[in-house]
1. List the pairs whose first member sits in region 26-54 and is polar (S, T, N, Q), whose second member is part of a loop (DSSP other than H, G, I, E, B), and whose Cβ atoms are under 7 Å apart, counting only residues at least 6 apart or on separate chains?
2. Which condition breaks for Phe31 when tested against (1) crowded, with 16+ Cβ neighbours inside 10 Å; (2) out of contact with any Leu (no Cβ under 7 Å at 6 or more places or on another chain); (3) not charged (D, E, K, R)?
3. I need the full set of residues from region 52-79 which are open to solvent by less than 30 Å² (accessible area, probe 1.4 Å) and of a type outside the set (Phe, Trp, Tyr), in order please.
4. Filtering region 427-443 down to residues that are at pLDDT 90 or above and open to solvent by 20 Å² or more (accessible area, probe 1.4 Å), which residue is farthest from the chain's Cα centre (by Cα)?
5. Taking region 34-51, which residues are surrounded by 17 or more Cβ atoms within 10 Å (Cβ to Cβ) and part of a loop (DSSP other than H, G, I, E, B)?
6. Looking at Ser424, Ser413, which is the one that is open to solvent by 40 Å² or more (accessible area, probe 1.4 Å), out of contact with any Lys or Arg (no Cβ under 7 Å at 6 or more places or on another chain) and not in a strand (DSSP E or B)?
7. May I ask you to verify whether Ala188 is assigned to a helix (DSSP H, G or I), modelled with pLDDT under 80, surrounded by 12 or more Cβ atoms within 10 Å (Cβ to Cβ) and under 36 Å from the mean Cα position of the chain (by Cα)?
8. Right, Thr214: in a helix (DSSP H, G or I), of a type in the set (Ser, Thr, Tyr) and modelled with pLDDT under 65 or not?
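The values are calculated or read from the model by the stated rules, or taken from the named source; none is laboratory data. It should be emphasised that the depicted structure is a prediction, and the values quoted were computed from it without experimental measurement. Cβ placement follows ideal geometry from the backbone for every residue including glycine, while neighbour counts extend to all protein chains displayed. With ligands, DNA and RNA removed, areas are computed over all heavy atoms of the protein, side chains included. Shrake-Rupley method; radii C 1.70, N 1.55, O 1.52, S 1.80 Å.
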Amino acid sequence: MGVVFKATGGAGVGFAGDGERTVFPFQFAVFGSDDVAVRVDGKPVTTGFHVALNDGEDAPGGAVIFEVAPSVGAAISIRRYLRLRRLSAYGSSASPRGDAVDRDLDYLTAALGDVDQAMRGSLRLDPADQDAGDLALPRMVPGRALMWNDQGDGLANGPDAGEIASAGQHGALARDAASRAEAAGTRAETALAGFQKQMAGAAFDLDLRAQNATLWQDERRMPVIDAPSDRIMDIRETGALVRLSNGGRLSLPRVSAARNGVRYRVVNGDGTMVDVRAASGDQIVPLDGAAVRSVYALPLRGDCVDLICDGTRWFAASIREGGPVVKLLRTSSQDIPAGGYFIVEWDQVAEDSHGLYDAAMHGVGSLPPGFYHVDAGVNFAIGETAVAVSAYVERQGPSGWSTHLQASDLVGSGSNATQSVRVSGIARIAIGTDNALRLRVRHSDSVTRQIAAGSVMSWFHLHRIGG
């Protein structure tokens, strides 16, 4: 009697080619060489190989032998594929042979085992839902997702990619609205607490953007907001003093023309690392000459920054201002022709904290917006006659250069001596324009005069004093 046939596991095996091997064995039972299906790199292969089956019932399987070795890394798949067929025919006049019946039953067992293996990789209902609905597919509609219907007892065509993306956008808008609602609630709680604590002598002002009355909590007449972590600022909170604590982060609204003039003052309230983040796609332009960035850090307790929107960009003006400082020095003599104006060309940059000196204009360019203290002096060699000298600090604007500061003096007469003409004052640099300064001089003599040589005798000092 033959061995009882068992269908165990999957009837298939895989290999990787190495460029040399041609023989690939398999150990599952087949009933003929045409029951073996071969694929190389996922594609069916019907030529270029032959199948050699093992002899005997105790050694099922065989080997696939290629004429040319598969290439290195090729994925080789060998599986059993039993077509629907009968192996034997039983006539009515003779008794069936035992070995023929045994072979037919083995074939049926193997085929059912393959079907069982295939079913394990298919989608199946949970046992509790076996009789709960109909799994018939709906009519095919291009681009639609497949989903359960509203009753949960069948399949239906769902939304397309555009509708899914639109739903995601609506969800983002809903989250933003919820965040703004939370911010409004926080503002109301803060205003109520401040009103209760400072009832006596409280000062009120109108916030026209919010269309309501705002309580001002300190002598700087700025409403104070204690911002929790990940706070999104609201346009109606412009002018507020915002305290960040406990490692909090503040998110500025997106830049738009409607936010032109919106301003916040943000302070680190407790010394933990806090920062300000610009909205997606926007950046913060520090007015101290630092690099443009999307996050403005406030690492120390008391660090304070003014954040201003001009409708196109966010600007950060640090309250504690120490620069930039630019020192330009005249080191060699320079002739000033008779009559007319003469731009002073600077030989030496003694200090330039942010690379602002522009040799092409013989002055300082690309200045961050703010107010600057200017102190400039031109050292004249004294001649035989006195001469009237004027010094001008000029500012570059959209229409060209114009006088911003001016000083005039009489340079006396004599020999082997020099005299300085000095101009100083406060220069204003606007946002986006009027961002360059230079020094121009003139004298009234009819002959050429000279700026004297010396390491510190002619100078142009520039110091930023505020945003």
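1. Gln27/Pro60; Gln27/Gly61; Asn54/Pro60; Asn54/Gly61
2. Result: Phe31 fails condition (2) only.
3. Selection gives Gly61, Gly62, Ala63, Val64, Ala69, Pro70, Ala74, Ile76, Ile78.
4. Applying the filter and picking the extreme gives Arg442.
5. If the condition is that a residue be surrounded by 17 or more Cβ atoms within 10 Å (Cβ to Cβ) and part of a loop (DSSP other than H, G, I, E, B), then no residue fits.
6. Ser413
7. So Ala188 fails the test.
8. no
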